[in-house]
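Enquirer: This is the structure I have questions about; it appears just below.
The values are calculated or read from the model by the stated rules, or taken from the named source; none is laboratory data. All values reported here derive from a predicted model rather than from experimental measurement. Counting neighbours? That spans all protein chains shown, and the Cβs are built from the backbone with ideal geometry, glycine included. Each accessible area value is taken on the protein alone, full model and side chains, heavy atoms only, with ligands, DNA and RNA left out. Shrake-Rupley method; radii C 1.70, N 1.55, O 1.52, S 1.80 Å.
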Amino acid sequence: MMRWGVLHLLGIGLISFMFVPGDGLFYRPEKWPKPLYNFDDNPLTLEGFSLGRTLFYDPILSQDSTVSCASCHLQYTAFAHVDHSTSHGINSRVGKRNAPGLMNLAWYPMFHWDGGVLNLNGQAINPLTHPDEMGETLEGVLKKLNRNSYYKTKFMKVFGAEHIKTSHLLKALGQFTVSLVSANSKYDSVMRKESTFTKQEQRGYSLFIKYCNQCHTAPLFTNFEFKANGIGPNNQFNDSGRALITGKAADAYLFRVPTLRNIEYSFPYMHDGRISKLKEVIHHYANSSNWVKPISKELKLKNNSLSPEDQKDLLKFLKTLTDRTFLFNTNFQYHSPN
Amino acid sequence: MDSLANTSGKLEGAFDPLLGMYWAWNTGYIQLKMTGNSYSGGITRPFDYHIGGYRVPFSTSKSFNILTANQFVTANLDSLFSSLPIQSTPNIMLPGPAAQQIFNSFVSTFE
């Protein structure tokens with residue numbers, strides 16, 4: 001809490017590096033809404049963040065110690081899973097959904113493509129215990145951590161925990177994942193009036209505001225609603241998305257609107273990773289004749305409303321959402337346990 | 001547990017997911033869990049009921065006022081077991097109308 005205050009004071013009117021604090025801990029970018037994460041319940045410390053990072057990169061969390069969080073969430077691709085349309089787990093098992101990028105999670109009101117998970121700390125239980133992901137049990141992972149002298153010492157230091165419990169594990173992971181803030185792209189520097197768009201980027205930005213911004217709303221580039229974008233159900237998995245959580249027929253095949261931040265690097269795209277290139281995604285939106293029902297009403301594009309030139313301009317704009325200070329932030333990389 | 005307890009993400013003490021009463025993929029707690037076999041007419045039928053859910057209209061919470069620390073709450077579980085739809089619906093693992101119906105039977109067992 002104190003940290004936000006300090007950064008807020010520093011942030012006003014100062015140059016851009018101030019927006020990327022050196023230690024990697026969470027910060028609230030200028031003019032962004034209040035984060036939803038409960039920091040009072042889990043006060044961030046450098047030790048806690050670093051413990052969370054060690055756990056994030058440690059395959060000890062999986063049943064056979066082969067898969068870590070980072071197996072499907074790689075930093076250089078905005079913590080998404082490139083080259084795989086859906087996530088991979090232990091024993092080469094394959095999941096049903098595209099592992100999403102991890103960034104700006106402090107502002108998320110819910111998690112997963114279907115929004116079934118309501119808090120960041122509790123989210124980690126899902127990949128830990130899912131048979132197609134890490135396939136472990138909470139009992140199993142806590143037993144391993146409690147037998148490990150490195151982790152025993154660290155958890156004692158961070159949480160004063162004699163015995164590592166579920167909440168300690170989840171809070172440590174939360175300290176790392178909530179700190180993955182990406183708010184320093186070219187777009188952000190243009191908004192801060194520190195740089196300017198090229199003419200093509202500016203044209204793309206205008207198209208974006210006209211056609212995309214209603215769902216992919218700045219500054220998070222998502223409105224966190226559930227929509228159908230015309231790609232149609234996945235033939236292999238027939239994943240009905242939001243309806244699995246709400247039980248409502250009207251929610252069938254709706255998925256959470258994903259952020260577009262770092263979208264250039266977080267391929268493949270869509271909830272099942274079926275589109276591999278960003279220009280193909282734009283092409284999909286530009287060709288309404290190819291859409292498959294259901295289609296949410298926000299999709300206003302009609303055939304030919306985006307010319308091939310427009311599509312290129314839009315692509316150029318989307319690339320301004322790439323934040324290299326995030327993708328290459330050394331604080332988020334693997335560090336050997338110390 | 002009311003809806004706030006279900007969604008606040010406390011996850012420790014009685015709220016520890018380790019206790020096996022937590023749905024991770026659809027945040028919330030299982031209020032009542034019954035697993036076993038039913039023997040009837042020479043036939044064994046396994047059943048599994050994970051009853052919970054806090055979203056309206058399929059909420060499964062009910063408040064009771066307990067007046068003193070020494071007050072006992074008694075429940076007649078026989079009426080709950082005899083109301084279970086073991087033949088038609090032996091497995092319920094999701095919030096929804098079926099879960100709510102069992103929860104209502106559970107509530108009515110308290111005298």
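Residues are listed down the side, and each one gets a yes or a no for (1) in contact (Cβ under 8 Å) with a residue 40 or more places away in the chain; (2) within 11 Å of chain B (Cβ to nearest Cβ); (3) touching a strand residue (DSSP E or B) at 6+ places or on another chain (Cβ under 8 Å); (4) among the β-branched types (Val, Ile, Thr):
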{"position": "A:140", "(1), (2), (3), (4)": "yes, yes, no, no"}
{"position": "A:147", "(1), (2), (3), (4)": "no, no, no, no"}
{"position": "A:154", "(1), (2), (3), (4)": "yes, no, no, no"}
{"position": "A:160", "(1), (2), (3), (4)": "no, no, no, no"}
{"position": "A:164", "(1), (2), (3), (4)": "no, no, no, yes"}
{"position": "A:174", "(1), (2), (3), (4)": "yes, yes, no, no"}
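Enquirer: Just one of (1) within 24 Å of residue A:244 (Cβ to Cβ); (2) touching a Leu at 6+ places or on another chain (Cβ under 9 Å) trips up residue A:272, so point out which.
Expert: Exception for residue A:272: condition (2).
Enquirer: Which ones in region A:66-108 are in a helix (DSSP H, G or I), modelled with pLDDT of 85 or more and of a type in the set (Ser, Thr, Tyr)?
Expert: Within region A:66-108, A:71, A:76, A:77 meet the criteria.
Enquirer: Only one of (1) farther than 26 Å from residue A:114 by Cα; (2) open to solvent by less than 80 Å² (accessible area, probe 1.4 Å); (3) over 17 Å from the mean Cα position of the chain (by Cα); (4) not aliphatic (A, V, I, L, M) fails for residue A:304. Which number is that?
Expert: Result: residue A:304 fails condition (2) only.
Enquirer: I need a count of the residues in region A:207-218 that are open to solvent by less than 30 Å² (accessible area, probe 1.4 Å) and either within 14 Å of chain B (Cβ to nearest Cβ) or not in a loop (DSSP other than H, G, I, E, B) (or both).
Expert: Number of matching residues: 2.
Enquirer: Now a separate question. I need a count of the residues in region B:3-35 that are in a helix (DSSP H, G or I), of a type outside the set (Gly, Ala, Ser) and open to solvent by 20 Å² or more (accessible area, probe 1.4 Å).
Expert: Number of matching residues: 5.
Enquirer: All but one of (1) outside any loop (DSSP other than H, G, I, E, B); (2) within 30 Å of residue A:140 (Cβ to Cβ) hold for residue B:94; state the number of the condition that does not hold.
Expert: (1)
Enquirer: Filter region A:256-277 for residues that are in contact with an Asp or Glu (Cβ under 9 Å, 6 or more places away or on another chain), open to solvent by less than 20 Å² (accessible area, probe 1.4 Å) and not basic (Lys, Arg) and give the result.
Expert: Across region A:256-277, the qualifying residues are A:257, A:262, A:268, A:269, A:271, A:272.
Enquirer: Look through region A:32-85, keep the residues that are of a type in the set (Val, Ile, Thr) and over 16 Å from the mean Cα position of the chain (by Cα), and return whichever of them is surrounded by the most Cβ atoms within 10 Å (Cβ to Cβ).
Expert: Among those that are of a type in the set (Val, Ile, Thr) and over 16 Å from the mean Cα position of the chain (by Cα), it is A:67.
Enquirer: Continuing with this model, one more query. Checking the conditions here, which among A:48, A:89, A:101 is more than 14 Å from residue A:177 (Cα to Cα) and of a type outside the set (Asp, Glu)?
Expert: Result of the check over A:48, A:89, A:101: A:89.
Enquirer: Here's something else I'd like to know. Only one of these is within 14 Å of another protein chain (Cβ to nearest Cβ), within 15 Å of the chain's Cα centre (by Cα) and among the aliphatic types (A, V, I, L, M): B:19, B:11. Name it.
Expert: Answer to the check: B:19.
Enquirer: When you scan region B:67-94, how many residues do you find that are under 27 Å from residue B:56 (Cβ atoms) and out of contact with any strand residue (DSSP E or B) (no Cβ under 6 Å at 6 or more places or on another chain)?
Expert: Residues meeting the conditions: 9.
Enquirer: Is it the case that region A:240-252 has a residue that's farther than 16 Å from residue A:321 by Cβ, touching a helix residue (DSSP H, G or I) at 6+ places or on another chain (Cβ under 6 Å) and more than 14 Å from chain B (Cβ to nearest Cβ)?
Expert: Yes: one or more hits.
Enquirer: Answer yes if at least one residue in region B:79-91 is part of a strand (DSSP E or B) and among the hydrophobic types (A, V, I, L, M, F, W, C), and no otherwise.
Expert: No, region B:79-91 contains no residue that is part of a strand (DSSP E or B) and among the hydrophobic types (A, V, I, L, M, F, W, C).
Enquirer: Hey, another quick one. If only one of B:65, B:6, B:70 is at pLDDT below 90 and either under 18 Å from the mean Cα position of the chain (by Cα) or within 11 Å of chain A (Cβ to nearest Cβ) (or both), which one is it?
Expert: Of B:65, B:6, B:70, the one residue that is at pLDDT below 90 and either under 18 Å from the mean Cα position of the chain (by Cα) or within 11 Å of chain A (Cβ to nearest Cβ) (or both) is B:6.
Enquirer: Scan region B:53-104 for residues that are closer than 30 Å to residue A:248 by Cβ and open to solvent by 100 Å² or more (accessible area, probe 1.4 Å) and jot them down.
Expert: Residues satisfying the conditions are B:56, B:62, B:63, B:87, B:101.
Enquirer: Go through region B:22-51 and give me each residue that's within 13 Å of chain A (Cβ to nearest Cβ) and out of contact with any Leu (no Cβ under 6 Å at 6 or more places or on another chain).
Expert: Passing the criteria: B:22, B:23, B:24, B:25, B:26, B:28, B:29.
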